[in-house]
1. Filtering the range 176-191 down to residues that are of a type in the set (Gly, Ala, Ser) and buried (at least 20 other Cβ atoms within 10 Å of the Cβ), which residue is modelled with the highest pLDDT?
2. Restricting the search to the range 295-321, which residues are within 24 Å of the chain's Cα centre (by Cα) and buried (at least 19 other Cβ atoms within 10 Å of the Cβ)?
3. Within the range 322-339, how many residues are surrounded by fewer than 16 Cβ atoms within 10 Å (Cβ to Cβ) and of a type in the set (Gly, Ala, Ser)?
4. How many residues are within 16 Å of LEU234 (Cα to Cα), of a type outside the set (S, T, N, Q) and open to solvent by less than 60 Å² (accessible area, probe 1.4 Å) if we restrict to the range 202-222?
5. For the range 431-445, give me the residue count where each residue is assigned to a loop (DSSP other than H, G, I, E, B) and surrounded by fewer than 20 Cβ atoms within 10 Å (Cβ to Cβ).
6. For the range 231-250, how many residues meet the condition of being in contact with a helix residue (DSSP H, G or I) (Cβ under 7 Å, 6 or more places away or on another chain) and open to solvent by 10 Å² or more (accessible area, probe 1.4 Å)?
7. Could you list, ordered by first residue, the pairs with Cβ atoms under 9 Å in which the first is in the range 391-404 and at negative phi and the second is surrounded by 15 or more Cβ atoms within 10 Å (Cβ to Cβ) and acidic (Asp, Glu), at least 6 apart or interchain?
8. Kindly check whether there is at least one residue in the range 491-498 that is in a loop (DSSP other than H, G, I, E, B), among the aliphatic types (A, V, I, L, M) and farther than 30 Å from ASP65 by Cβ.
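The values are calculated or read from the model by the stated rules, or taken from the named source; none is laboratory data. Keep in mind it's a predicted model, so treat the numbers as computed, not measured. A quick note on method: Cβ atoms are made from the backbone with ideal geometry, for glycine too, and the neighbour counts reach across all protein chains shown. Surface accessibility is based on the protein's heavy atoms, side chains included, excluding ligands, DNA and RNA. Shrake-Rupley method; radii C 1.70, N 1.55, O 1.52, S 1.80 Å.
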Amino acid sequence: MMSKHTMPRLQLLLSALAFHFSTALCKLDARASIPGAWSLVQQGTTGVSGMQLAITSETTAIIYDKVEHNPLTVNGHVAWAVELNINTQQVRALNPLSNSWCATGSFLGNGTLVNSGGNPVVITGASGLQGLRLFTPCSTGTCDVYENPTRIRLTSARWYPSSVRIQDGSIIIFGGYVNGGFINNAGMNNPSYEFFPPKNINGFNGLKIPSQFLKDTLNGNHFPNLVLLPDGTLFVSANQQAMILNWQTNTETRLPGIPNGVRISSPFSAGHVLLPLSPSNNYTPEIMICGGSTISDTEAASSISSQAPTSAQCIRMVLNTAGIAKGWAVETMPQGRIMLDMVLLPDGRVMIVNGAQTGVAGYGNVGNQIGQSNADNPAFLPVIYDPAAPAGSRFSTAGLVASTIPRLYHSTATLTPNGTVMLAGSNPNNDVTTVKYPTEYRLEFFSPPYMNVPRPSYTGLPATINYNVSFNLAVTLPANTTNVTVALMDLGFQTHGVHMDQRLVQLVSTLSADKKTLTVHAPPTSSIYPPGPAYLYVVTNSGAPSFGHKTIVGTGASPPVDQAAIANMLANTSGPSAAAQAATFQAMAPSSGEGSDVATAVIPA
């Protein structure tokens, strides 16, 4: 129930949204999809377990793990990051300096991936709690992770934060806490957010900015969900609450809470997605959240069961005046899930994959662990959700094939440029192990039915596409194609079931009479698609997508850099200190489970 002091803010929000959007409820465009059987292949291994995953080019992806005893080494020590060739499954070890365990990631407007936050020292390397790891993709096979904590660092420790790219091409790093463990609490919470590069905004001049929402959503608010909305504000959800954050004024406006007692953020991990944005409904945003748990966030971990049921609830809300007034529409998945991944497909559907049917996220905490896992009963069979279908007929398992590999805690999934869905990871363990459920290195690729039919192709995509411009693509279309749509996609950064920055924007396009030239209009504003990497898919009227070629939306320039804000941040914060870290974590580290091994480097390299 909303408090009285939130009502004026809500009224202001509704007025602002009404200015931008029609008050009519959003209706997504009906989209065709190719029927038939899916296929699944297990192909290749990752060298490090796939805890974090992001597509970095048309042929490559980056994978981050925690520091553990992986079989792959680099520079004489265990490796915890790789560049993966999607086509050949070859891996090249990367050499980050700090522990990326439970970090987040977002791409800047110039295409550089920023991996932020992490974990103290385990085995080797440096503390990652204030880590900022920069990776700029290259075609030479020589690019590596760059770190310089004396100059480039977070303002404070952030374990389990989230991030989002905003309309000037910079990113917001949001939440997290200062010590590891099963669940957040007031003593460990970091209820704040910050910008990279640092900004002088709202009087904070490069320093962290407080968030009441991150206090109100204790305890279960690891990895909150963040989405940039077409009016430039952010949708944020965690635990059982949701809000709109105007980051330009640091104003929080509460939205209707999550229905039916379901908790949606780690360790009660649901999935979320911004449904496709379309010019036909003025890019009206609609949020969808699926899965989670009704377990109390104050219950002792040892009294929770790995067999506890999970939620099958899916909820949708249109973020315009009428949609917010109406609140969440509730649907039901075929089965309950936790730690699920929700992957947007080029045809506008959503693939729900990975996760467990019982238990909670994490390892080493609940009373009846399976091996070390807090969860059991893997959800092997994916589900396809069609957001444009009539209510009651949106979920389907027709043609899908089940995996045999459990994908539980620390699993990932992503759409690839060629249209397959790649799965990696699963490691609900303290270190590399073969117990049930083991540390997982095997890759899998799901191929939708559209991979088996003639598909369109195109050439001529510019390396950068600025806003409000038009460009021509030379297209080759399958026989009987009458029309096409254009899906501009951010494939995002995946970790812990949260897909940072994932986005599908349908662009206005016109097909020539001879069906050989497609004129495409770039996004109209940087809030509809923030400057940064994008993959453009041409989709036929029957639902067959092209290969998704990469471009940069915007000019490709770096985001704004405020040297005075950077100087103030450096002058008023300190970097990671091994001695201070050890003292802090000896006092605060949990006695078992996740976070219990990080007070010192207890495992020899």
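1. GLY176
2. Of everything in the range 295-321, those that are within 24 Å of the chain's Cα centre (by Cα) and buried (at least 19 other Cβ atoms within 10 Å of the Cβ) turn out to be ILE295, ASP297, THR310, SER311, GLN313, CYS314, ILE315, ARG316, MET317, VAL318, LEU319, ASN320.
3. Step one: of the range 322-339, the residues surrounded by fewer than 16 Cβ atoms within 10 Å (Cβ to Cβ) are 325-327, 330, 332, 334.
If we keep only those that are of a type in the set (Gly, Ala, Ser) too, we end up with 325, 327.
Qualifying residue count for the region: 2.
4. So the answer is 3.
5. Initial filter on the range 431-445 (assigned to a loop (DSSP other than H, G, I, E, B)): 431-441.
Okay, now just the ones that are also surrounded by fewer than 20 Cβ atoms within 10 Å (Cβ to Cβ), so 431-436, 438.
Qualifying residue count for the region: 7.
6. Pass one, the range 231-250, residues in contact with a helix residue (DSSP H, G or I) (Cβ under 7 Å, 6 or more places away or on another chain): 231, 236, 241, 243-244.
Filter once more, so that each one left must be open to solvent by 10 Å² or more (accessible area, probe 1.4 Å): 231, 241.
Result for the range 231-250: 2.
7. ALA391/GLU331; SER393/ASP386; ARG394/GLU331; ARG394/ASP386; PHE395/GLU331; PHE395/ASP386; SER396/ASP386; SER403/GLU444
8. no
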